[in-house]
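*Asks:* The structure is given below, and queries will be raised subsequently.
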Amino acid sequence: GAVVSQHPSRVICKSGTSVKIECRSLDFQATTMFWYRQFPKQSLMLMATSNEGSKATYEQGVEKDKFLINHASLTLSTLTVTSAHPEDSSFYICSARSQDSPLHFGNGTRLTVT
Amino acid sequence: AQKVTQAQTEISVVEKEDVTLDCVYETRDTTYYLFWYKQPPSGELVFLIRRNSFDEQNEISGRYSWNFQKSTSSFNFTITASQVVDSAVYFCALTRISNFGNEKLTFGTGTRLTIIP
């Protein structure tokens, strides 16, 4: 079964609203979670790395005030796209691992901003 | 800096043919992991293999095989007797090996494989 659950799988929202995406590790404690973004027919680009209990480390060019990441527990990280705009429409995918486990990916969230 | 190059953007083969997907990487790290992932149209990433840079043995898993050549910094993936279900985008990825568990994957741009029935 899936070891990383991502929810929702699809979301459509209006421009200007905020959207929260959850990433949960189901059978292990994820010390580190990663958030990736994938534009249509392109590769996955790392947005940020989050460690439990500390602030996320964002990649260059990623707006931390727009993409809020919270990793409040060892099994849950959330990505909130604030004041979403059509250009934020993309496929967002999380991954998680612990010290003892390989990297596992969630099933992704397809965000469409109208 | 790390870089992964998948020069083949799209490949189409007829069912039952063999196909090889190329992956070339660049890294200054002496120890690293290489990965292959499959992304079907549904979007999820399916883990196929992880290879440690210390281990240059080729690996076979059913119809899949991987050829790791450290001398040429390549980690190619071959599907034998391809099937329609193999149609997907395949990503090669690289990360350094860290004791802290915070390795970041660097992905290639992917190869879209289409198997024609």
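*Asks:* I'd like to check one number: the per residue accessible area of chain A, probe 1.4 Å, reported in Å² as a whole number.
*Replies:* Spelled out: the 1.4 Å probe surface of chain A, per residue, equals 50 Å².
*Asks:* Amide H of A:T75: which non-local residues (sequence gap of 5 or more, or other chain) have their own amide H closer than 5 Å, using H built in the peptide plane?
*Replies:* Excluding prolines and chain starts, which carry no amide H, the hits are A:A30.
*Asks:* Average partner chain C-beta neighbours within 10 Å, per residue of B:37-46?
*Replies:* 4
*Asks:* Let me ask something additional. Is chain A rounded, prolate or oblate when judged by the Cα gyration tensor, a ≥ b ≥ c being the square roots of its eigenvalues, rounded requiring a/c under 1.5 and prolate requiring a/b larger than b/c?
*Replies:* In terms of gyration-tensor shape, prolate.
*Asks:* With a 1.4 Å probe and every protein chain kept in, tell me what percent of the accessible surface of segment B:1-108 is carbon plus sulfur.
*Replies:* 47 percent
*Asks:* Normalising by the residue count of chain B, find the relative contact order in percent from Cα pairs under 8 Å and 6+ residues apart.
*Replies:* 38 percent
*Asks:* Just how many pairs of Lys in the protein assembly as shown have C-alpha atoms closer than 22 Å, counting pairs that are eight or more places apart or on different chains?
*Replies:* Going through the protein assembly as shown pair by pair, I get 19.
*Asks:* Compare the Cα positions of A:T82, B:T27, B:Q8 along the charge dipole of the protein assembly as shown (+1 at Cβ of Lys, Arg; -1 at Cβ of Asp, Glu; about the Cα centre) and return the one farthest towards the positive end.
*Replies:* A:T82
*Asks:* Continuing with this model, one more query. Given the options A:W35, A:N51, A:A72, identify the residue whose Cα lies farthest towards the positive end of the charge dipole of segment A:8-87 (+1 on Cβ of Lys, Arg; -1 on Cβ of Asp, Glu).
*Replies:* A:W35
*Asks:* With a 4.7 Å Cβ cut-off, tell me which Cys residues in chain A come up empty for a partner.
*Replies:* A:C13
*Asks:* Then there is this: Taking the mean number of other Cβ atoms within 10 Å as a proxy for protection, how do you rank A:80-87, A:37-44, A:102-109 from highest to lowest?
*Replies:* A:102-109, A:37-44, A:80-87
*Asks:* Also, I was wondering about something else. Please give the total accessible area that chains A and B bury against each other, computed with a 1.4 Å probe and expressed in Å² to the nearest 100.
*Replies:* It comes to approximately 1500 Å² buried between A and B.
*Asks:* Can you find, among B:T106, A:I12, A:L103, the residue sitting farthest towards the positive end of the charge dipole of the protein assembly as shown, where Lys and Arg contribute +1 and Asp and Glu -1 at Cβ?
*Replies:* Value computed over the given set: A:I12.
*Asks:* What does the average come to when, for each residue of peptide A:30-39, you count the partner chain Cβ atoms lying within 10 Å of its Cβ?
*Replies:* Rounded to a whole number, the mean comes out at 3.
*Asks:* Sort A:T75, A:T32 by heavy-atom solvent-accessible area, probe 1.4 angstrom, most to least.
*Replies:* A:T75, A:T32
*Asks:* For the protein assembly as shown, what does the convex hull of the Cα positions come to per residue, in cubic angstrom?
*Replies:* With only Cα atoms used, the protein assembly as shown gives 127 Å³ per residue.
*Asks:* Calculate the mean, over all residues of peptide A:13-26, of how many other protein chain Cβ atoms lie within 10 angstrom of the residue's Cβ.
*Replies:* For this peptide, the per-residue mean of nearby foreign Cβ atoms is 0.
The values are calculated or read from the model by the stated rules, or taken from the named source; none is laboratory data. Just so we're clear, the structure is a prediction, and the values are computed from it rather than from any experiment. Please note: Cβ atoms are built from the backbone with ideal geometry, for glycine as well, and neighbour counts cover all protein chains shown. To get the accessible areas, we keep the full protein, side chains included, count just its heavy atoms, and leave off ligands, DNA and RNA. Shrake-Rupley method; radii C 1.70, N 1.55, O 1.52, S 1.80 Å.
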